[in-house]
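The values are calculated or read from the model by the stated rules, or taken from the named source; none is laboratory data. Quick caveat, the model's predicted, so the values are computed rather than measured. Every residue, glycine as well, gets a Cβ built from its backbone with ideal geometry; the counts of neighbours run over all protein chains shown. Surface areas here come from the heavy atoms of the whole protein model, side chains and all, with no ligands, DNA or RNA. Shrake-Rupley method; radii C 1.70, N 1.55, O 1.52, S 1.80 Å.
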Amino acid sequence: MGGSAAATSNVACTSSGASGCWAHRDELLGSDPGFNPGVGLNCTDCEMGTGFAVVGGSSSFADLIELPSAAPPAMTFTWSQELSEGF
C-alpha cells in the first residue's frame with residue numbers, strides 16, 4: 001500500500017521497490033527461496049478471497065487461498081460489476 005512506512009504497517013515494505021512488499025504474497029502463492037525457503041504453494045492457478053472488518057476498534061484481515069484439484073473456471077472480476085450488485 002503505497003510502499004512507504006507512513007502508508008503501511010508492513011515493516012518490510014519501506015519503499016515501492018522493496019522486495020518485502022511482495023514477500024508475503026510470494027510466500028503464500030509461489031515460492032521465495034531467498035526470503036523463506038520451502039514455504040509456498042508453488043501454484044499458478046490458485047484462487048483467493050479476502051475479508052476485512054473492524055472489531056472492537058481493531059482491524060481484522062482474513063485470506064482464504066485455495067489450490068484447485070482441477071483447472072479452475074475462467075474468472076474475471078471488475079469493480080463496476082461489484083458496484084452493480086449494490087455493494
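Kindly list, by first and then second residue, each pair from a residue in the stretch 38-61 that is polar (S, T, N, Q) to a residue that is open to solvent by 50 Å² or more (accessible area, probe 1.4 Å), limited to pairs with Cβ atoms under 6 Å and residues at least 6 apart or on different chains.
N42/S31; T50/D63
Could you list, in sequence order, the residues of the stretch 43-69 that are over 19 Å from L28 (Cα atoms) and not polar (S, T, N, Q)?
Going through the stretch 43-69, the residues over 19 Å from L28 (Cα atoms) turn out to be 53-59.
Result: A53, V54, V55, G56, G57.
Residues are listed down the side, and each one gets a yes or a no for (1) among the hydrophobic types (A, V, I, L, M, F, W, C); (2) at pLDDT 75 or above; (3) open to solvent by less than 70 Å² (accessible area, probe 1.4 Å); (4) within 29 Å of V11 (Cβ to Cβ):
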| position | (1), (2), (3), (4) |
| --- | --- |
| E27 | no, no, yes, yes |
| N36 | no, no, yes, yes |
| V39 | yes, no, yes, yes |
| E47 | no, yes, yes, yes |
| V55 | yes, yes, no, yes |
| S60 | no, yes, yes, yes |
| P73 | no, no, no, no |
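Please work out which residue is nearest to P72 (Cα to Cα), limiting yourself to the stretch 1-22 and to residues that are surrounded by 14 or more Cβ atoms within 10 Å (Cβ to Cβ) and modelled with pLDDT of 70 or more. Before the answer, list the steps.
Going through the stretch 1-22, the residues surrounded by 14 or more Cβ atoms within 10 Å (Cβ to Cβ) turn out to be 3, 8, 10, 13-14, 18, 20-22.
Filter once more, keeping what is modelled with pLDDT of 70 or more: 10, 13-14, 18, 20-22.
Numbers: N10: 31, C13: 32, T14: 35, A18: 32, G20: 29, C21: 27, W22: 24 Å.
My answer is W22.
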